[in-house]
Amino acid sequence: MNDAHRETSFDVLIVGAGLSGIIAAQRYLEAHPNCRLTILEKDDCVDGVFSKRRLYDDFWTQWTVGLAEFSDLPMQRPPEEDCKHDCFRAKYTTKYLEEYVDKMCHAGHSLRERVQFGIRVQFVEKTDNEWRISCTDSSQTPVVFSATKLMIANGENSLQNMPNLPGKENFGGIIIHSEAFGESNIIFDDTVKDVAVIGAGKSSADMVYEAVKAGKNVSWIIRTTGTGAGFFALIDLNTPYKNGVEAAQTRIMSSLQPSLLNEDSWWSWCLHSTRPGVMLITKIFSILDKEVRKRANYKGRKSTKGFERLEYDTDIFCRELYLGDGTHFPCDAVLCGTGWKPGIEIFGPDLRVRLGLPHLKDDEPYEMTAKWEKLALEADEKVLKKYLLLAHPPDHAHRHIDTTPYRLYNNIAPLNDDTILFMNHVTAGNKIFAAEAQAIWAVAYFDKNINLPSIEEREKEVALWNAWCLRRYLSNGERGNFAAFDSVPYVDKLLIDIGATAHLKGWWRDTFEPFMPSDLGKAWKEYLESSETKTSFNS
């Protein structure tokens with residue numbers, strides 16, 4: 001887009017051209033093809049986590065062929081040498097998303113043509129019922145966009161969470177976040193011989209693997225209060241399904257989780273509200289846990305590399321190159337797989353409070369704090385009564401955060417403003433699946449085709465979700481947006497809200513068959529056919 005003729009006023013504006021922003025734009029434009037819509041992207045390419053800039057050779061997906069696609073464009077299976085148990089190299093997701101933004105067109109413009117690249121959002125405010133987004137472009141020139149409806153689709157993976165490394169100014173080596181690992185030259189730099197990787201998640205494991213393959217001397221550093229690097233889901237267990245990911249995409253497997261989103265039924269009550277049921281659930285997951293540990297075999301390996309300390313019930317430390325006991329080691333580069341912070345710094349403190357985004361309690365009125373604390377106590381009692389297993393959490397190092405949790409309805413919508421939505425601000429296991437469901441829900445919400453509960457009932461629902469999230473996911477759930485094992489019932493909840501039934505296939509199939517992207521497509525087609533939104537735009 002020519003900067004000299006850049007439009008700045010729109011009906012709908014989306015921040016972020018990752019997979020959530022892409023599918024949100026696609027679904028909204030299908031319902032409203034003549035809507036003036038644009039996507040602001042800070043990078044020079046689309047796809048967010050899967051952008052070309054972030055790719056590296058051994059970046060593999062954690063989803064599988066058949067589930068890693070939107071409902072309106074099947075993904076071609078990658079070559080077998082780039083697949084393993086139906087997981088595949090991430091570059092094929094990148095290729096798929098690049099093709100998607102070129103193929104999907106509305107009113108003569110592709111999705112790619114609607115993206116404004118190199119736009120970094122600095123501040124968001126609302127004046128006179130209009131959103132104003134202050135930005136800088138690639139040349140650092142200020143530019144202000146406006147819109148009546150706003151979707152924040154920068155998700156969880158937009159703001160680096162860099163650790164505090166005392167003495168880094170004197171280090172002299174390279175320090176980068178995992179976001180920049182793909183475009184860096186570290187693996188191929190002969191002057192970098194000793195590498196330290198900080199963090200325990202997938203990005204850290206990937207960087208460790210890449211560095212070891214490249215012949216680097218690697219030290220893996222995980223904080224004492226971390227959970228260890230040990231849990232890697234078993235994808236090749238012998239089940240009636242193609243792989244573990246497909247099994248997890250079924251409602252029967254989802255029902256084994258003590259999830260607030262699962263349907264209230266005699267089955268759920270038996271499993272999670274009775275002692276025999278809890279004993280059964282505990283036994284099932286104990287068997288899985290033992291198999292994970294057996295496969296990893298950290299403690300059984302004959303090695304001087306310290307693999308036994310990767311067992312995920314042990315402590316590994318620290319956060320410095322000089323460890324607490326004085327241990328130190330040579331290091332030319334520090335690679336930080338230390339995760340992300342919520343991309344909400346673009347909102348001022350007052351707006352964070354009003355929108356229900358994480359904020360300091362001191363920033364909100366005392367009456368608001370008292371109300372939410374009362375709701376939280378009542379909600380926690382309900383959670384403990386319903387899910388006996390959650391009453392006695394395992395020993396863990398609790399990581400307290402200084403802010404309130406998210407207070408968004410369905411983890412998307414503020415309670416007090418119906419002109420802004422937050423896409424992909426929830427941690428769901430199958431992100432592409434959840435992103436499409438959120439996009440469908442967002443269209444119905446903006447079209448006012450959802451019968452919302454009263455504000456009081458929504459507050460109670462949000463409080464119940466946050467109480468459950470904290471009990472179910474402990475420290476990971478403290479921000480109220482963690483649902484890693486709950487993608488299927490989460491999507492079910494969103495489709496129930498819009499009144500969809502076309503995706504349902506009967507009790508037996510709904511229970512035991514995987515919930516596929518094509519099923520989402522049926523629900524979306526049903527919504528379009530049952531509403532008049534395709535021919536009218538609700539401004």
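The values are calculated or read from the model by the stated rules, or taken from the named source; none is laboratory data. Not measured: the values here are computed from a predicted model. With ideal geometry, Cβ positions are generated from the backbone for all residues, glycine too; neighbour counts draw on all protein chains shown.
Results for (1) closer than 27 Å to Pro394 by Cβ; (2) touching a strand residue (DSSP E or B) at 6+ places or on another chain (Cβ under 9 Å); (3) surrounded by fewer than 16 Cβ atoms within 10 Å (Cβ to Cβ), shown as yes or no for each residue.
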| site | (1), (2), (3) |
| --- | --- |
| Asn449 | no, no, no |
| Leu452 | no, yes, yes |
| Val462 | yes, yes, no |
| Leu495 | no, no, no |
| Gly506 | no, no, yes |
| Asp510 | no, no, no |
| Pro514 | no, no, no |
| Asp519 | no, no, no |
| Glu526 | no, no, no |
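Could you say which residue among Leu351, Leu377, Leu357 is assigned to a loop (DSSP other than H, G, I, E, B), at pLDDT 95 or above and aliphatic (A, V, I, L, M)?
Exactly one residue qualifies, and that residue is Leu357.
Looking only at residues in the stretch 251-272 that are of a type in the set (S, T, N, Q) and in contact with a helix residue (DSSP H, G or I) (Cβ under 6 Å, 6 or more places away or on another chain), which one is surrounded by the most Cβ atoms within 10 Å (Cβ to Cβ)?
Out of the qualifying residues, it is Ser254.
Kindly indicate whether Asp362 is under 26 Å from the mean Cα position of the chain (by Cα) and of a type in the set (Asp, Glu).
Criteria not met by Asp362.
Give all pairs with beta carbons closer than 7 Å in which a residue from the stretch 440-459 that is without any contact (Cβ under 8 Å) to a residue 60 or more places away in the chain meets a residue that is assigned to a loop (DSSP other than H, G, I, E, B); count only pairs at least 6 apart in sequence or on separate chains.
Trp441/Asn410; Trp441/Ile412; Trp441/Ile498; Ile450/Ile498; Ile455/Leu415; Arg458/Leu415; Arg458/Leu452
If you scan the stretch 169-179, which residues turn out to be surrounded by fewer than 16 Cβ atoms within 10 Å (Cβ to Cβ) and either under 24 Å from the mean Cα position of the chain (by Cα) or without any contact (Cβ under 8 Å) to a residue 24 or more places away in the chain (or both)?
Glu169, Asn170, Gly172
For Lys216, indicate whether it is crowded, with 16+ Cβ neighbours inside 10 Å, among the charged types (D, E, K, R) and over 17 Å from Val15 (Cβ atoms).
The answer is yes for Lys216.
I'm trying to understand the selection: among the residues of the stretch 261-289, which are closer than 28 Å to Leu494 by Cβ and β-branched (Val, Ile, Thr)?
Answer for the stretch 261-289, where residues must be closer than 28 Å to Leu494 by Cβ and β-branched (Val, Ile, Thr): Ile281, Ile284.
Scan (1) touching a strand residue (DSSP E or B) at 6+ places or on another chain (Cβ under 9 Å); (2) surrounded by fewer than 17 Cβ atoms within 10 Å (Cβ to Cβ) for the single condition Glu156 breaks and write down its number.
(2)
Each row is one residue, and each column tells you yes or no for (1) in a helix (DSSP H, G or I); (2) touching a Lys or Arg at 6+ places or on another chain (Cβ under 7 Å); (3) of a type in the set (Asp, Glu).
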residue	(1), (2), (3)
Phe10	no, yes, no
Ala17	no, no, no
Ile23	yes, no, no
Leu29	yes, no, no
Pro33	no, no, no
Arg53	yes, no, no
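Being within 26 Å of Ser530 (Cα to Cα), surrounded by fewer than 22 Cβ atoms within 10 Å (Cβ to Cβ) and not assigned by TED's automatic domain parsing to the domain that holds Lys202, is that true of even one residue in the stretch 41-58?
So far as the stretch 41-58 goes, no, none of its residues is within 26 Å of Ser530 (Cα to Cα), surrounded by fewer than 22 Cβ atoms within 10 Å (Cβ to Cβ) and not assigned by TED's automatic domain parsing to the domain that holds Lys202.
Here is a yes/no grid of residues against (1) at pLDDT below 90; (2) among the hydrophobic types (A, V, I, L, M, F, W, C); (3) within 26 Å of Pro414 (Cβ to Cβ):
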position: Phe117; (1), (2), (3): no, yes, no
position: Val121; (1), (2), (3): no, yes, yes
position: Ser138; (1), (2), (3): no, no, no
position: Pro142; (1), (2), (3): no, no, no
position: Leu150; (1), (2), (3): no, yes, yes
position: Pro166; (1), (2), (3): yes, no, no
position: Asn185; (1), (2), (3): yes, no, no
position: Gly228; (1), (2), (3): yes, no, no
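Would you confirm whether any residue within the stretch 322-330 is under 25 Å from Leu474 (Cβ atoms) and at pLDDT below 70?
Yes, there is a match, as at least one residue in the stretch 322-330 is under 25 Å from Leu474 (Cβ atoms) and at pLDDT below 70.
Checking the conditions here, which among Ile432, Ile420 is within 16 Å of the chain's Cα centre (by Cα) and either among the basic types (Lys, Arg) or surrounded by 18 or more Cβ atoms within 10 Å (Cβ to Cβ) (or both)?
Criteria check complete, one pass: Ile432.
Restricting attention to the stretch 96-116, does a residue exist that is in a loop (DSSP other than H, G, I, E, B), in contact (Cβ under 8 Å) with a residue 24 or more places away in the chain, closer than 28 Å to Glu526 by Cα and touching a Pro at 6+ places or on another chain (Cβ under 9 Å)?
Yes, there is a match, as at least one residue in the stretch 96-116 is in a loop (DSSP other than H, G, I, E, B), in contact (Cβ under 8 Å) with a residue 24 or more places away in the chain, closer than 28 Å to Glu526 by Cα and touching a Pro at 6+ places or on another chain (Cβ under 9 Å).
Tell me, which residue of the stretch 118-141 that is acidic (Asp, Glu) and part of a strand (DSSP E or B) is nearest to Asp47 (Cα to Cα)?
Looking at residues that are acidic (Asp, Glu) and part of a strand (DSSP E or B), I get Glu125.
Before we move on, is Ala467 assigned by TED's automatic domain parsing to the domain that holds Gly21 and either within 29 Å of Arg354 (Cβ to Cβ) or in a loop (DSSP other than H, G, I, E, B) (or both)?
yes
Going by the conditions given, is Ile344 modelled with pLDDT under 95, more than 17 Å from Leu260 (Cβ to Cβ), aliphatic (A, V, I, L, M) and surrounded by fewer than 12 Cβ atoms within 10 Å (Cβ to Cβ)?
No; evaluated as a whole, the condition is false for this residue.
Quick one: Gly108 ticks every box in (1) over 27 Å from the mean Cα position of the chain (by Cα); (2) assigned by TED's automatic domain parsing to the domain that holds Val334; (3) not β-branched (Val, Ile, Thr) bar one, so which box is it?
Only one criterion in (1) over 27 Å from the mean Cα position of the chain (by Cα); (2) assigned by TED's automatic domain parsing to the domain that holds Val334; (3) not β-branched (Val, Ile, Thr) is unmet by Gly108, namely (2).
Mind checking whether some residue in the stretch 164-173 is under 30 Å from Asn297 (Cα atoms) and of a type outside the set (S, T, N, Q)?
no
Pairs needed: first member in the stretch 481-498, in a strand (DSSP E or B); second member anywhere, of a type in the set (Gly, Ala, Ser); C-beta distance under 7 Å; at least 6 residues apart or different chains.
As it stands, the answer is Ala483/Ala428, since those pairs meet every condition given.
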